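Okay, structure first, notes after.
The values are calculated or read from the model by the stated rules, or taken from the named source; none is laboratory data. Note that the structure is predicted; figures quoted are calculated from it, not measured. So basically every Cβ, Gly included, is an ideal-geometry build from the backbone, and we count neighbours across all protein chains shown. Accessible surface is based on the protein model in full, side chains and every heavy atom, while ligands, DNA and RNA are left aside. Shrake-Rupley method; radii C 1.70, N 1.55, O 1.52, S 1.80 Å.
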Amino acid sequence: MTEWAAKLDALPRLSLLAQATPLHAAERLSAAVGGPRLWLKRDDLIPTAFGGNKVRALDLVVGDAVSRGADALITGAGPLSNHVRAAAGIAGLAGLDCIAVYWGAKPRRAEGNYRLAVTLGAQVHFTDDPDRASVDREISRKAFEIDARGGRPYVVPRGGACPLAALAHVLATQETLAQCAALGVAPTRVVMAVGGSATLAGWLLGTALLGAPWRIEAISVSRPAEEAAARAHALAEDAAALIGARPNLNAIDCRVHGAFIGPGYGVPSPEGEEAIAAVARAEAIFLDPVYTGKAMGGYLNLLGGGAFADVDDVLFLHTGGAPALFASFPEQAS
Ligand SMILES: *Cc1c(COP(=O)(O)O)cnc(C)c1O
C-alpha cells in the first residue's frame, strides 16, 4: 500500500457504509434518452438518515469529531440542506448534540430536510439574515458559547465542504472503480452535481491518485463554474495534504458547467424537473430538484448537443436529496 493509501485507510470513521452502494445499469433510461449506456451510482441508497453524499462525508467528519472527544457538532446551511439533515442524524448516532444554523427566517411550516433535522433532535437556529455568510458568523458564536461553558464543540463548515469530506469521496471513487472493474465496464465520463464542491474535490483527487480513465463533467447548481472549479481544486489540495499525497490535479480532464443553475440555488429549473420526470418514468428512481435533477438536466442538454457522441458508458452520481421533493419553500435565489 502506498503511504497516502495507508493514511486514508487509517482515518477515524464511523463505518456507516458497510457495503458498496449499487451501480445501477439504467437501461430503460438510456433507451429513452439515447446516447451512451448510463450507470447510476446509488449513493442515495446509503442506509442512514435518508442517505446521500453528505452521509459519506460525515462518516469521516463525525469519526474525526469523536476521536477528538467532541460532545457537540455545530454546522449549518439553508433549510433545504441535505448536509444538515444528515449531520443531525449522524451526530445523534455518535452521541453528540447537533446545533444547526440556518440562514434566513424560520419557515412557516417545517418541511423536507428542515422537518427531518427537527425530528432528529437538532437544536435549530435561524439567523434571520438571507446572507449565507450569516451562518458562518453564527456557527462561530455558538462554538464560542459552548466552549465557554466547558463543552467540546466541533465545527463543520457550512454545507459540509471540508477536506475530510473530500477524502470520503476519494473512498467513493475507489469503491466505484472496483465495481466498474468487477462488472467489466469502463465509463469514460462521470457526471455529477456540484454545490459546495467537496464531492467534486474528492472525485478529482481520487481520479488523480487512482489513475481513473474518465473525464469529469460537473454541473454547478449554485456558483459560477470558475468559482466552483477553484473551490474544488483548493479543497482537493488540502485533502491531499492531509494524507501526504502529491497529485497532479491539473492533469485531470474536468469540465465544470455553469449554465444549468436555472433561476438560482434551490429553485427548481424546467430542465431539472423534466429530467426528474424522465428518470422516474424510466427507472422508478427519484432524483431531486436542487442537485441531481439539475445535473441530469445538464447531461441531457449536453447529450442533445452531441457532447457524448463517441462515449459508450457514462457514470452518473446519484448523490441523494429526495427529501427536497417534499418541501414547497424555495431557497433564496442567489
Ligand atoms: C450537497 C449535495 C451535492 C453536492 O455536493 P457538494 O459536495 O456540496 O458539491 C449533490 N447532491 C446532493 C443531493 C447534495 O445534497
**Request:** Working only within the stretch 103-135, note down all residues that are out of contact with any Ser or Thr (no Cβ under 8 Å at 6 or more places or on another chain), of a type in the set (V, I, T) and in a helix (DSSP H, G or I).
**Result:** V118, T119
**Item:** Residues within the stretch 174-203 that are more than 10 Å from the ligand (Cβ to nearest atom) and buried (at least 21 other Cβ atoms within 10 Å of the Cβ), tallied
**Value:** 5
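Would you confirm, using the coordinates I've provided, whether A230 is surrounded by fewer than 23 Cβ atoms within 10 Å (Cβ to Cβ) and farther than 26 Å from A77 by Cβ? It would help to see each step written out before you state the result.
On the way: surrounded by fewer than 23 Cβ atoms within 10 Å (Cβ to Cβ): yes; farther than 26 Å from A77 by Cβ: no.
No, not satisfied.
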**Count of the stretch 174-207 residues which are part of a helix (DSSP H, G or I), in contact (Cβ under 8 Å) with a residue 24 or more places away in the chain and not β-branched (V, I, T)** = 15
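Restricting attention to the stretch 104-127, and to residues there that are open to solvent by less than 30 Å² (accessible area, probe 1.4 Å) and within 19 Å of the chain's Cα centre (by Cα), which single residue is farthest from V84 (Cα to Cα)? First the steps, then the outcome.
Of all residues in the stretch 104-127, those open to solvent by less than 30 Å² (accessible area, probe 1.4 Å) come to 104, 107, 111-114, 117, 122.
Still in the running and within 19 Å of the chain's Cα centre (by Cα): 112-114, 117.
On the way: G112: 12, N113: 8, Y114: 8, A117: 7 Å.
Only one residue tops the list, namely G112.
Could you tell me whether the stretch 281-294 includes any residue that is among the acidic types (D, E) and either within 16 Å of the ligand (Cβ to nearest atom) or touching a residue at least 40 places away in the same chain (Cβ under 8 Å) (or both)? First the steps, then the outcome.
First pass over the stretch 281-294, keeping only residues among the acidic types (D, E): 283, 288.
Now restrict to residues that are either within 16 Å of the ligand (Cβ to nearest atom) or touching a residue at least 40 places away in the same chain (Cβ under 8 Å) (or both): 283, 288.
Yes: one or more hits.
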**Subset tally (residues that are surrounded by 20 or more Cβ atoms within 10 Å (Cβ to Cβ) and away from the ligand (no atom under 14 Å from the Cβ)) for the stretch 233-244** = 2
**Request:** Of all residues in the stretch 29-45, count the ones that are within 16 Å of the ligand (Cβ to nearest atom), open to solvent by less than 20 Å² (accessible area, probe 1.4 Å) and either touching a Gly at 6+ places or on another chain (Cβ under 9 Å) or in a loop (DSSP other than H, G, I, E, B) (or both).
**Result:** 1
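Of all residues being among the hydrophobic types (A, V, I, L, M, F, W, C) and within 18 Å of A212 (Cβ to Cβ) in the stretch 309-324, which is surrounded by the most Cβ atoms within 10 Å (Cβ to Cβ)? Just the residue, please.
Keep residues of the stretch 309-324 that are among the hydrophobic types (A, V, I, L, M, F, W, C), which gives 309, 311, 314-317, 322, 324.
Among the residues that remain, those that are also within 18 Å of A212 (Cβ to Cβ) are: 311, 314-317.
Details: V311: 16, V314: 23, L315: 25, F316: 25, L317: 27.
Checking each candidate, the answer is L317.
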**Complete:** Filtering the stretch 46-88 down to residues that are without any contact (Cβ under 8 Å) to a residue 60 or more places away in the chain and open to solvent by 10 Å² or more (accessible area, probe 1.4 Å) yields P47, T48, V66, S67
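Would you point out the residue of the stretch 148-170, among those that are in a helix (DSSP H, G or I) and open to solvent by 40 Å² or more (accessible area, probe 1.4 Å), that is nearest to the ligand (Cβ to nearest atom)?
Of the stretch 148-170, the ones in a helix (DSSP H, G or I) are 148, 158-160, 163-170.
Imposing the further condition that a residue be open to solvent by 40 Å² or more (accessible area, probe 1.4 Å) reduces the set to 148, 158.
Values: A148: 31, R158: 10 Å.
Ranking the qualifying residues of the stretch 148-170, first place goes to R158.
Out of A236, A278, A245, A228, I need the residue that is in a loop (DSSP other than H, G, I, E, B) and either in the same structural domain as P47 (by TED's automatic domain parsing) or of a type in the set (K, R) (or both). Which one?
Details: A236 fails: in a loop (DSSP other than H, G, I, E, B); A278 fails: in a loop (DSSP other than H, G, I, E, B); A228 fails: in a loop (DSSP other than H, G, I, E, B).
That would be A245, the only listed residue that is in a loop (DSSP other than H, G, I, E, B) and either in the same structural domain as P47 (by TED's automatic domain parsing) or of a type in the set (K, R) (or both).
For the stretch 208-221, what are the residues that are away from the ligand (no atom under 16 Å from the Cβ) and either in contact (Cβ under 8 Å) with a residue 24 or more places away in the chain or open to solvent by less than 10 Å² (accessible area, probe 1.4 Å) (or both)? Explain how you work it out, then say what you get.
Taking the stretch 208-221 first, the residues away from the ligand (no atom under 16 Å from the Cβ) are 208-215.
Passing the criteria: A208, L209, L210, A212, P213, W214, R215.
From I276, I261, I285, grab the single residue that is modelled with pLDDT of 95 or more, open to solvent by less than 30 Å² (accessible area, probe 1.4 Å), closer than 12 Å to I219 by Cα and of a type in the set (V, I, T).
Working: I276 fails: closer than 12 Å to I219 by Cα; I285 fails: closer than 12 Å to I219 by Cα.
Every option except I261 fails the conditions.
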